[in-house]
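J.: Below: one structure in structure tokens.
The values are calculated or read from the model by the stated rules, or taken from the named source; none is laboratory data. Predicted model, so just to flag it, every value in this text is computed and none were measured. No Cβ is skipped: glycine too gets one built from the backbone with ideal geometry, and neighbour counts run over all protein chains shown. We work out accessible area using only protein heavy atoms, side chains counted, and drop any ligands, DNA or RNA first. Shrake-Rupley method; radii C 1.70, N 1.55, O 1.52, S 1.80 Å.
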Amino acid sequence: EAVKMTADRAHPSFAALKDLERAGVKILSCGSCLEAYKLVSDLAVGEISNAYEIIDILSTHEQIKL
């Protein structure tokens, strides 16, 4: 359900995500999740990612902030 925040401009968290993106934070949405909810074309903040990229980020960076 969290992936809906990146596709719904009316979601309470959308503006905060957009601000984070403008500040240089990389916002990633699971492509499979977007497909499951039929939201691929509605993605409005961040970019489509996958488990491989997310695991790579988690395993190659010393510090990750969520």
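J.: For the structure I just gave you, tell me whether Val3 is in a helix (DSSP H, G or I) and modelled with pLDDT under 95. Quick ask: steps written out before the conclusion?
T.: On the way: in a helix (DSSP H, G or I): yes; modelled with pLDDT under 95: yes.
Against the criterion (in a helix (DSSP H, G or I) and modelled with pLDDT under 95), Val3 qualifies.
J.: Which one is farthest from Lys4 (Cα to Cα), of the residues in the range 20-39 that are assigned to a helix (DSSP H, G or I) and open to solvent by 70 Å² or more (accessible area, probe 1.4 Å)?
T.: Going through the range 20-39, the residues assigned to a helix (DSSP H, G or I) turn out to be 20-22, 31-36.
Subset that is open to solvent by 70 Å² or more (accessible area, probe 1.4 Å): 20, 22, 32, 35-36.
Values: Leu20: 17, Arg22: 19, Ser32: 12, Glu35: 11, Ala36: 11 Å.
Only one residue fits best here, namely Arg22.
J.: Moving on to the next point. Quick check on Asp8: is it surrounded by 11 or more Cβ atoms within 10 Å (Cβ to Cβ) and not in a helix (DSSP H, G or I)? Explain how you work it out, then say what you get.
T.: Working: surrounded by 11 or more Cβ atoms within 10 Å (Cβ to Cβ): yes; not in a helix (DSSP H, G or I): yes.
When the stated conditions are applied, Asp8 passes them.
J.: Identify the residue in the range 40-66 that is in contact (Cβ under 8 Å) with a residue 12 or more places away in the chain and in contact with a helix residue (DSSP H, G or I) (Cβ under 7 Å, 6 or more places away or on another chain) and, among all such residues, is surrounded by the most Cβ atoms within 10 Å (Cβ to Cβ).
T.: By that ranking, first place goes to Val45.
J.: Return the pairs, sorted by first residue and then second, in which the second residue is assigned to a helix (DSSP H, G or I), the first residue lies in the range 12-35 and is on the phi > 0 side of the Ramachandran plot, the beta carbons are less than 6 Å apart, and the residues are 6+ apart or on different chains.
T.: none
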